[in-house]
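Values quoted throughout were computed directly from the atomic coordinates according to the rules given, and no laboratory measurement underlies them. Note that the structure is predicted; figures quoted are calculated from it, not measured. Cβ coordinates were reconstructed from backbone atoms using ideal geometry, including for glycine residues, and neighbour counts include every protein chain displayed.
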């Protein structure tokens, strides 16, 4: 079931952020390095949910090669939900699916959401109160709603994606922290 989003403010923000993110090349290197440092300081977080970036999103794929000792899991759309699969070699294990989203093969080991220690979450915009504006289908909100209470949720974004308000609604799951690549 898709979560309805009737908020015209959210709709307008989504539209504006899509324009901004597709307008010009954004460098992921600083954000990726900040995420690497964050993870290095937390070696006990063994299972990390990552994503294959869409245009405009921060590309974190280098993390897999930098830290092969962790268990990296990537989302795959499965009906109205996300299923997470273990990925060891993104170049070989991810392939384009519907909508040009790179997803893991369903043949790769599936990892139950409660086994994930930290979720590195993409989004269109984030606010200082943990609000995350996704693409409007609710996939991440449903997945994060099934996470362990102690699982960390990190919003990953370019500094330009930080806004004053994402117009969070009751079904929107809050981020615990943002990683932007600026001074954290």
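Ranking 17, 175 by Cβ neighbours within 10 Å, fewest first, what do you get?
On the way: 17 21, 175 24.
Ascending number of Cβ neighbours within 10 Å: 17, 175.
In the Gaussian network model of the chain, springs joining C-alpha atoms below 10 Å, which of 37, 142, 14 carries the largest mean-square fluctuation?
The residue with the greatest mean-square fluctuation here is 37.
Determine the percent antiparallel among the DSSP beta bridges restricted to segment 1-148, to the nearest 5. Working shown, then result.
Working: 13 of 18 bridges.
In segment 1-148, DSSP labels about 70 percent of beta bridges as antiparallel.
Here are labelled values, [x] 0.93; [y] 0.95; [z] 1.09, and one is the computed Rg/Rh (Cα atoms, Kirkwood Rh) for what I pasted. Which one?
The value computed from this structure is option [x].
When the chain is treated as a GNM, springs tying every alpha-carbon pair under 10 Å, which of 80, 57, 33 comes out with the largest mean-square fluctuation?
80
Under the rule of -39500 (n - 2.57) per DSSP H run of 4 or more residues, summed and divided by the residues of the chain, what mean residue ellipticity at 222 nm is obtained, to the nearest 500 deg cm²/dmol?
Details: 5 runs with 44 residues, N = 184.
The per-residue figure over the chain is -6500 deg cm²/dmol.
Points 7 angstrom from Cα along the Cβ direction at residue 23 and residue 92: gap in nanometres?
My value for the distance between the label points is 4.2 nm.
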